[in-house]
Amino acid sequence: MKYLVIIEKTNTGYSAYSPDLPGCVSTGATRGEVEENMREAMEFHLEGLREEGYELPEPGSYSAYVEIPT
């Protein structure tokens with residue numbers, strides 16, 4: 001499955017979350033680190049859902065850029 005991940009710059013590095021996986025978040029010092037940490041967090045999160053007998057959430061979020069003339 002392919003889930004949207006939102007990555008944001010913070011004062012100390014980067015943070016990430018997936019709108020389709022509430023509560024699944026991660027941080028990292030670099031963009032590459034937060035991406036890898038988030039991949040691991042998502043795998044762990046989905047594994048936990050499977051073990052508890054929950055259905056895995058279908059990916060449904062998407063992103064788009066809106067250009068505003070300045």
### Summary
The long-range amide H neighbours of residue 25, using H built 1.01 Å from N in the peptide plane and a cut-off of under 5 Å, are none
### Query
What percent does the relative contact order of the chain come to when contacts are Cα pairs within less than 8 Å and at least six residues apart?
27 percent
### Message
Less than 11 Å from a label point 7 Å out along the Cα-to-Cβ axis of residue 12: which backbone N atoms in the stretch 24-56 qualify, by residue?
### Response
27-29
### Task
Highest first, please rank the peptides 34-46, 6-18 by the mean number of other Cβ atoms sitting within 10 Å of their residues.
34-46, 6-18
### Whole-Hz couplings from phi, Karplus 6.51/-1.76/1.60, listed for the stretch 59-64; x for Gly and Pro
x, x, 7, 9, 10, 7
### Query
Using θ = phi - 60° and the Karplus form 6.51 cos²θ - 1.76 cosθ + 1.60, what ³J(HN,Hα) does each residue of the stretch 39-45 get, whole Hz, x for Gly and Pro?
4, 5, 5, 5, 4, 5, 4
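Express in nm, to one decimal, how much length is gained between residue 66 and residue 50 on full extension, taking 0.36 nm for each residue of separation and deducting their alpha carbon distance.
On the way: separation 16, 0.36 × 16 = 5.76 nm, distance 3.65 nm.
Value of the extension gain: 2.1 nm.
Classify the chain as rounded, prolate or oblate from the Cα gyration tensor: take a ≥ b ≥ c as the square roots of its eigenvalues, call it rounded if a/c is under 1.5, otherwise prolate when a/b beats b/c and oblate if not.
Cα axes put the chain in the oblate bin.
All of the numbers you see were taken from the coordinates with simple rules; none came from a lab. Predicted, not measured: the structure shown is a model, and the values here were computed from it. Using ideal geometry, Cβ is built from the backbone for each residue, glycine included, and neighbour counts are taken over all protein chains shown.
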